[in-house]
Every structure is written in C-alpha cells, then in structure tokens.
1. Would you pick out the residues in segment 46-80 that are modelled with pLDDT of 85 or more, open to solvent by 100 Å² or more (accessible area, probe 1.4 Å) and not in a loop (DSSP other than H, G, I, E, B)?
2. Kindly check whether there is at least one residue in segment 6-16 that is in a loop (DSSP other than H, G, I, E, B), at pLDDT 80 or above and open to solvent by less than 100 Å² (accessible area, probe 1.4 Å).
Amino acid sequence: MKNAKHAVLENAGQISVLKESEEDKVLQTHEIEESWLMENLENKGYTKLKDIVYVEWSEEKSFYILTNDDVCNQTYRIDG
C-alpha cells in the first residue's frame with residue numbers, strides 16, 4: 001500500500017490497488033488522454049480532482065462520478 005495512488009473496495013469485498021506508475025498505463029490502454037478527461041470533468045462541473053473519489057466512463061453510459069460528499073453522506077452495505 002506504500003506505493004498505492006488509489007485503492008478501491010469492490011462490491012465483493014476485494015481491494016483493487018492502482019500504483020502511481022500504472023495510472024498512465026490505464027489511460028494509454030483505453031486511448032484516453034488526461035486532457036480529454038479533465039475537460040470532460042470540468043464540463044460536468046468537477047473542477048477539483050481532490051473532491052472526486054471515483055470516475056467511471058463508458059460509451060454506453062457516459063460518466064459515473066462519486067465525490068467525497070457522495071461517499072461521506074451515504075451508508076453503504078458491503079456483502080462479502
């Protein structure tokens with residue numbers, strides 16, 4: 001966890017860890033440039049990355065975004 005940039009607790013109780021050096025690989029794998037991502041987030045009103053906890057994008061559903069407020073003000077049940 002020392003070199004982790006992001007850790008995600010998945011629905012089934014697993015933890016996915018993204019190391020700092022892997023972040024660029026994810027963007028490259030999906031042929032997404034950071035500038036494209038930032039522009040789209042700003043267009044949706046998200047100007048501070050530190051307020052965003054999770055972002056998911058697909059062609060079918062567009063963006064799914066969770067902010068600190070979304071996470072801190074809701075109760076989540078994790079079955080596992």
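The values are calculated or read from the model by the stated rules, or taken from the named source; none is laboratory data. This one's a predicted model, so the numbers in the text were calculated from it and none came from an experiment. Accessible surface areas use protein heavy atoms only, side chains included; no ligands, DNA or RNA. Shrake-Rupley method; radii C 1.70, N 1.55, O 1.52, S 1.80 Å.
1. Lys50, Tyr64, Asp69
2. no
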